[in-house]
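Asker: One structure follows; several queries about it will come next.
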Amino acid sequence: MTSAGPGRPRNQQPSRPGATAREEILDAAAELFTTQGFANTSTRSIADAVGIWQSSLYHHFKTKDDILKDLLESTVAASLSFAKAVSGVSSDSASAEVVLHALALYDGTQLCSSRWNLGILYHLPEARGGQFDRFLASRRELRAIYGTLGVRASASPTDVAGNPGDLVFRLVESLVNLRADGLVLPSSPLEAADAGLIICGRGKELQVIRRQSALIIESAERLEDFQGSAHPGDAVGARD
């Protein structure tokens, strides 16, 4: 047995990504929740997957719900930060349709490129409890930004049933199910973003929108907040 700090005795050498025991616990839980199901995963099985004693896990998380809360919040955090950073751009140097495309592409890339497909946990009955309010509020805020951009981006608002931005949000989140079925391709995030703009009546402008969208993403990712996030270029390839 080895030790890696207070409250973290190990029964084997660490084998998971993560600079801390907490990160390793989250990675193990993410794998088990998405492959075996939340209800079928115990804290003991998570501890075993990390190589720590079950009692040590409780130094970092009091309950299994606390682990799920952190994982769910992580699925929204990067995209919401990106959305907040670029949502005001549409009033300055770029049109709303370009910003909406950039957001959909960035968000879709996060969902498709994360180590585990945590989006499939969104609709768990357990994820509707009060302890998940911060995750639910963040997801609503992200959805609202999509909605605001969609109204501004739509070429013919009266031709679209409901809010076009909300439809784009739902389209991007459908990548979660596509990934669960093993059908996600490197081009899938870009295809979802393109389809969203077609919904908004901007299909004829896609080539120009793609180029400008890529510039917005590249500019935003130069900021420290986005370093380490999945890069859309890595997921979708060339955007010529």
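Asker: Exactly one of these conditions fails for Ala238: (1) at pLDDT below 95; (2) not in a loop (DSSP other than H, G, I, E, B). Give me its number.
Answerer: Every listed condition holds for Ala238 apart from (2).
Asker: Collect the residues in the stretch 116-126 that are in a helix (DSSP H, G or I) and within 16 Å of the chain's Cα centre (by Cα), keeping them in residue-number order.
Answerer: Selection gives Leu118, Gly119, Ile120, Leu121.
Asker: Looking at Ser87, Ser74 in this structure, which one is in a helix (DSSP H, G or I), hydroxyl-bearing (Ser, Thr, Tyr), open to solvent by 10 Å² or more (accessible area, probe 1.4 Å) and at pLDDT 90 or above? Quick ask: steps written out before the conclusion?
Answerer: Numbers: Ser87 fails: at pLDDT 90 or above.
Criteria check complete, one pass: Ser74.
Asker: Residues Leu185, Leu167: which one is of a type in the set (A, V, I, L, M), without any contact (Cβ under 8 Å) to a residue 60 or more places away in the chain, open to solvent by 60 Å² or more (accessible area, probe 1.4 Å) and assigned to a loop (DSSP other than H, G, I, E, B)?
Answerer: Details: Leu167 fails: assigned to a loop (DSSP other than H, G, I, E, B).
Just one listed residue meets the conditions, Leu185.
The values are calculated or read from the model by the stated rules, or taken from the named source; none is laboratory data. Because the structure is a prediction, the values reported are computed rather than measured. Reconstructed Cβ throughout: ideal geometry from the backbone, glycine too, with neighbour counts over all protein chains shown. Only protein heavy atoms, including side chains, enter the accessible area calculation; ligands, DNA and RNA are left aside. Shrake-Rupley method; radii C 1.70, N 1.55, O 1.52, S 1.80 Å.
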